[in-house]
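So the structure is just underneath, and the comments pick up after that.
The values are calculated or read from the model by the stated rules, or taken from the named source; none is laboratory data. Since the structure is predicted, the reported quantities are computational estimates derived from the model, not experimental observations. Don't worry about glycine lacking a Cβ; one is built from the backbone with ideal geometry, like all the others, and counts go over all protein chains shown. Surface accessibility is based on the protein's heavy atoms, side chains included, excluding ligands, DNA and RNA. Shrake-Rupley method; radii C 1.70, N 1.55, O 1.52, S 1.80 Å.
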Amino acid sequence: MDSFIIAALALCSLTAPAFGDKGTSKARSCSDIRQFYSGKRFSLDGVPQSEISGEHLRICPQGYTCCTSEMEDNLAVLSRKEVEGVLKEAGRSLQNSLNGQYKTFDGYFLELLNRSALNLQESFTATWGALYVRNSQVFSELYMDLRHYYRGANVNLEDVLNDFWARLLEKLFYHANRQYSISEDYLECVSKQIDTLRPFGDVPRAMKMMVTRTFVAARSFVQGLVVSGEVVRKVSQVQLSQECMRATMRMTYCPHCRGMASARPCANYCSNVMKGCLANQADLNTEWRHLAETMMQVADRFDDPSGVDSVLLTLPVRISEGIMTMNENLQTINSKLFQTCGNIREGGFSSTAVDDAMKGGRVTLTNLFSSSLPQVTDVTARLRDLQSYWVSLPNLLCSDRVATGTGAEDKCWNGMNRARYLPEVMGDGLASQINNPEVEIDITKPDMTIRQQIMQLKIMTHRLKNALNGQDVDFQDTSDDVSGSGSGMCTEEMCSRGPRLVDLVTETPRRYPLPPENKRVKASANQNLPCTAIYLYVFVISTLL
């Protein structure tokens, strides 16, 4: 009989309720969470004054609590909104960085192009005088077409350069033979002989190769920066899942409901939550790194001996060399053209005036080159820093949340209580989350917006690799491919301002419906009915015996 009574009393002690961390027979006050909850701008209507039974909880561990179902619901929505806010702010920062890199390189490239055009105007006016002045439009249109090509316009760069030399041949032939009456049809015949006649020597071929290589690389490089910013903008707007909301609530605000406001998440626990929440975003990592690496390879091309400054700033010299080559072989060129296109009758200018018009010397340009390219170097360094952005986001969100210091691993919040977190940390990406203990994820259903952005990164990387091989990159046919973020086509006014960064709108997350609060159960010291019955039963049995 004694053993039976002892067993009954032991059962009573096991069924006695525990309050918070201390375990006491008196319900604890909820004043701390009431103050915290009010500080989050929620109404205190319905918030308990003291702990209540927690059978109604659907996210936090069930046990005596200071949170009602409505409070749990509100705090769950708040937890997701706060995480999304951090992600969007990080996205804005990255967008601003990419936009800054775009403006840095774009300003640098256009400054070189403008300097080249100005140098040509000044040096050709001094060297060729009236001959240049009368034909300046040919040169200005060349620079305008090059600028439009760089901006992403539907311009064939090879056609632009071929047309420039053909028009220049017509102009120079006309001025070299002004003693003759030359018709438009005859000049058209002259321009058609440029490939067989090669009046400018090897200059057009060499210039075409260098200009095409430089401009294709520059255009694809700035396009890569624009596309990267658009990818970040779209991904930053992806709303976190309901499962993620539950997980962030359990990690962030359930300790408050349990009276453990000071408890901070275990480091590995937070990692698993955030790796689960950002699994789709982490899948961007591979293609994001490929794009950044390819862009750095393109940028390296700008810094070699035949880099962007060398090509752009020597354009006047190369064109001048072509003109000098034609002048030196003018009689031979004229003879061949007369044979091919036919004889022409004399006009009203003397040969002396013609000779004076064609006189000129070689153009020499000095002090045009910068000793270094800090702008390109800065862009490359920043791209290198951003390579691991998508897989570093979980650490970013956990950095100021988790418990730290001596003994933190044993006293941190593990999702159920203050104790060590035992599960292993998951890998990065959707496929690695199949056994994530904190966030339920269907790995067969990836986020389609993010998958589209992965494809956009692949397309841009492919274009950049083509640019590395000197292949022209046509953005005109991709204005709506995959992401709809734009192809980089824009007017000069729009382009000059850099890629447009759209302000991100923080949408109100959908409220996750929780079951209605069970108001039937209230916590109090005299609610220990099972133990009362056991004591009474033991007393009756002992009396009867």
Dipole magnitude of segment 30-175, debye to nearest 20 (Cβ charges: Lys/Arg +1, Asp/Glu -1, about Cα centre) | 460 debye
Could you give the semi-axes, largest first, of the ellipsoid that matches segment 239-352, computed as the square roots of 5 times the alpha carbon gyration tensor eigenvalues and rounded to whole Å?
-> 77, 16, 13
Within-15-Å neighbourhood charge of residue 335 [Cβ basis; K, R +1; D, E -1] = +1
Would you mind classifying segment 247-294 by shape? Square roots of the alpha carbon gyration tensor eigenvalues, ordered a ≥ b ≥ c; an a/c under 1.5 is rounded, otherwise it is prolate if a/b is larger than b/c and oblate if not.
-> prolate
Non-local residues with an amide H under 5 Å from the amide H of residue 29, with H modelled 1.01 Å from N and Pro and chain starts lacking one, are none
Got a sec? Which residues in segment 202-239 would a label at residue 442 touch, if it sits 7 Å along Cα→Cβ and we count backbone N under 19 Å?
-> 239
How about segment 52-124: which GluC sites (Glu not before Pro) there lie in a loop by DSSP and see at most 16 other Cβ atoms within 10 Å?
-> 55
Considering only the other residues whose Cβ falls under 15 Å of the Cβ of residue 188, what net charge follows from Lys and Arg at +1 and Asp and Glu at -1?
-> -2
Once label points are set 7 Å from the Cα along Cα→Cβ at both residue 404 and residue 455, what is their separation, rounded to one decimal in nm?
-> 4.3 nm
Charge context of residue 119, other residues only, Cβ under 13 angstrom, K/R +1, D/E -1 = -1
What ³J(HN,Hα) values, in whole Hz, does the Karplus curve 6.51 cos²θ - 1.76 cosθ + 1.60 give for segment 124-133 when θ = phi - 60°, with x put for Gly and Pro?
-> 6, 5, 6, 8, 9, x, 4, 4, 6, 4
For 427-440, 394-407, ranked highest to lowest by mean beta-carbon neighbours within 10 Å, the order is 427-440, 394-407
Taking the simple approach of a point 7 Å from Cα along Cα-to-Cβ for both residue 118 and residue 163, what is their distance in nm?
-> 2.7 nm
How large is the accessible surface per residue of segment 401-449, computed with a 1.4 Å probe and reported in Å² as a whole number?
-> 64 Å²
The set of residues whose placed amide H lies less than 5 Å from the amide H of residue 180, leaving out same-chain residues fewer than 5 positions away, is 347
Please pull out the direction-averaged projected area of segment 64-152, using the convex hull of its alpha-carbon atoms, in nm² to one decimal place.
-> 8.9 nm²
Of the accessible area of segment 214-357, computed with a 1.4 Å probe and all protein chains kept, carbon and sulfur make up a percent value of 41 percent
How big is D, in µm² s⁻¹, for segment 134-177 by Stokes-Einstein at 25 °C and 0.890 mPa s if Rh is the Kirkwood radius over C-alpha pairs?
-> 222 µm²/s
Out of every Cα pair in segment 117-208, what percent are spaced more than 18 Å from each other?
-> 53 percent
Given R₀ = 60 Å, FRET efficiency for residue 338-residue 96 by Cβ-Cβ distance, to 0.05?
-> 0.40
Shape category assigned to segment 152-290 from the gyration tensor of Cα positions, a/c cut at 1.5 | prolate
Rounded to the nearest 20 Debye, what is the dipole magnitude of segment 205-347 about its Cα centre when Lys and Arg each give +1 and Asp and Glu each give -1 at the C-beta?
-> 620 debye
